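A.B. asks: Handing you a structure now.
The values are calculated or read from the model by the stated rules, or taken from the named source; none is laboratory data. From a predicted model like this one, the values you see are computed outputs, not experimental measurements. Here the Cβ positions follow ideal geometry from the backbone for every residue, glycine too, while neighbour counts run over all protein chains shown. The area values use the complete protein model at the heavy-atom level, side chains included, leaving out ligands, DNA and RNA. Shrake-Rupley method; radii C 1.70, N 1.55, O 1.52, S 1.80 Å.
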Amino acid sequence: MTRVVTLKIDDIDATGREDETVLEVALEHGIQIPRLCALEGLTPVGACRLCLVEIEGTGRLLPACTTRVAEGMVVKTNSERLRKYRRMTIEMLFAEGNHVCSVCVVNGRCELQDLAVRLGVDHIRIPYLYPKRAVDASHERFALDPNRCVLCTRCVRVCGEIEGAHTWDLMSRGIDSAVITDLHTPWGESDTCTTCGKCVQVCPTGALFEKGMAVGEMTKRASFLATLAASREDGR
Ligand code: FES
């Protein structure tokens, strides 16, 4: 039987099931935690580290999206230390890619851009790397611009877990990490892609987009996921 636990999040008395994460319980109590890789309906992977929280008695910062709640836990989600870490993480994401918002299809609707604004990132203190990454526009309806990819792996997970196609995957390590289709074949030549567009809808930035969209024109709707996940639960 799943037990209910009580804990404190930002001085608010909270209750949650022991199989829930800190992020889930925080959201249920109206507490927002910055995040890029977590998305309701997908398995959390703790990839972006933006949701790091302080937990009393633990020296390390822990990701709220993958850490389970426990009885008596005391959690801080918005200390100066956390805000500093989050700003630095956002700065590193900007420096690592080519995020030129003024020429991006999701300008004004981008989760990375929103977080940067919310966290007060108005300049980057580390050198830009200006990587040269080729755009894959071989698909008839969609395109991938890896210059804007933050490696959140939402596309990989939605394709594997929800669509069941497993077209997307990650290759390489460190600075060379990239999302790829099939065995690194052009997206348009993929044998597994069903052209469902789920990957495009859950991508938090302009890395995946529909062809024919002008600057600031692309609106994404990831809300289908929670509905799909809930209806599958009901059907069990
Ligand atoms: S949202 Fe938790 S690590 Fe990305």
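A.B. asks: Check whether at least one residue in the stretch 72-93 is assigned to a helix (DSSP H, G or I), open to solvent by 50 Å² or more (accessible area, probe 1.4 Å) and within 11 Å of the ligand (Cβ to nearest atom), and report yes or no.
C.D. replies: Checking the stretch 72-93: not a single residue is assigned to a helix (DSSP H, G or I), open to solvent by 50 Å² or more (accessible area, probe 1.4 Å) and within 11 Å of the ligand (Cβ to nearest atom).
A.B. asks: Can residue 67 be described as away from the ligand (no atom under 11 Å from the Cβ) and among the polar types (S, T, N, Q)?
C.D. replies: No; evaluated as a whole, the condition is false for this residue.
A.B. asks: A follow-up question, please. I'm trying to understand the selection: among the residues of the stretch 198-230, which are loosely packed, with under 14 Cβ neighbours inside 10 Å and at pLDDT below 80?
C.D. replies: 230
A.B. asks: Let me confirm something: among 51, 101, which residue is among the hydrophobic types (A, V, I, L, M, F, W, C) and either within 16 Å of the ligand (Cβ to nearest atom) or open to solvent by 50 Å² or more (accessible area, probe 1.4 Å) (or both)?
C.D. replies: After ruling out the rest, the residue left standing is 51.
A.B. asks: Here's a follow-up. Out of curiosity, is residue 13 away from the ligand (no atom under 16 Å from the Cβ) and assigned to a loop (DSSP other than H, G, I, E, B)?
C.D. replies: It is false that residue 13 is away from the ligand (no atom under 16 Å from the Cβ) and assigned to a loop (DSSP other than H, G, I, E, B).
A.B. asks: Continuing with this model, one more query. Quickly run through the stretch 95-146 and pick out the residues that are touching a residue at least 24 places away in the same chain (Cβ under 8 Å), in a loop (DSSP other than H, G, I, E, B) and of a type in the set (Val, Ile, Thr).
C.D. replies: Within the stretch 95-146, 105, 106, 121, 124, 126 qualify.
A.B. asks: Can you tell me which of 6, 43 is part of a strand (DSSP E or B) and either more than 9 Å from the ligand (Cβ to nearest atom) or surrounded by 14 or more Cβ atoms within 10 Å (Cβ to Cβ) (or both)?
C.D. replies: 6
A.B. asks: In addition: What's the total number of residues in the stretch 112-139 that are open to solvent by 60 Å² or more (accessible area, probe 1.4 Å) and under 18 Å from residue 214 (Cα atoms)?
C.D. replies: 1
A.B. asks: Right, another one. Hey, can you tell me all the residues within the stretch 46-66 that are more than 19 Å from the chain's Cα centre (by Cα) and not in a loop (DSSP other than H, G, I, E, B)?
C.D. replies: 54, 55, listed by residue number.
A.B. asks: With the requirement that a residue be within 12 Å of the ligand (Cβ to nearest atom) and open to solvent by 70 Å² or more (accessible area, probe 1.4 Å), what does the stretch 19-31 give you?
C.D. replies: Matches in the stretch 19-31: 24 only.
Table: residues versus (1) of a type in the set (A, V, I, L, M, F, W, C); (2) touching a residue at least 60 places away in the same chain (Cβ under 8 Å).
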| site | (1), (2) |
| --- | --- |
| 10 | no, yes |
| 21 | no, no |
| 25 | yes, no |
| 40 | no, yes |
| 48 | yes, yes |
| 66 | no, no |
| 77 | no, yes |
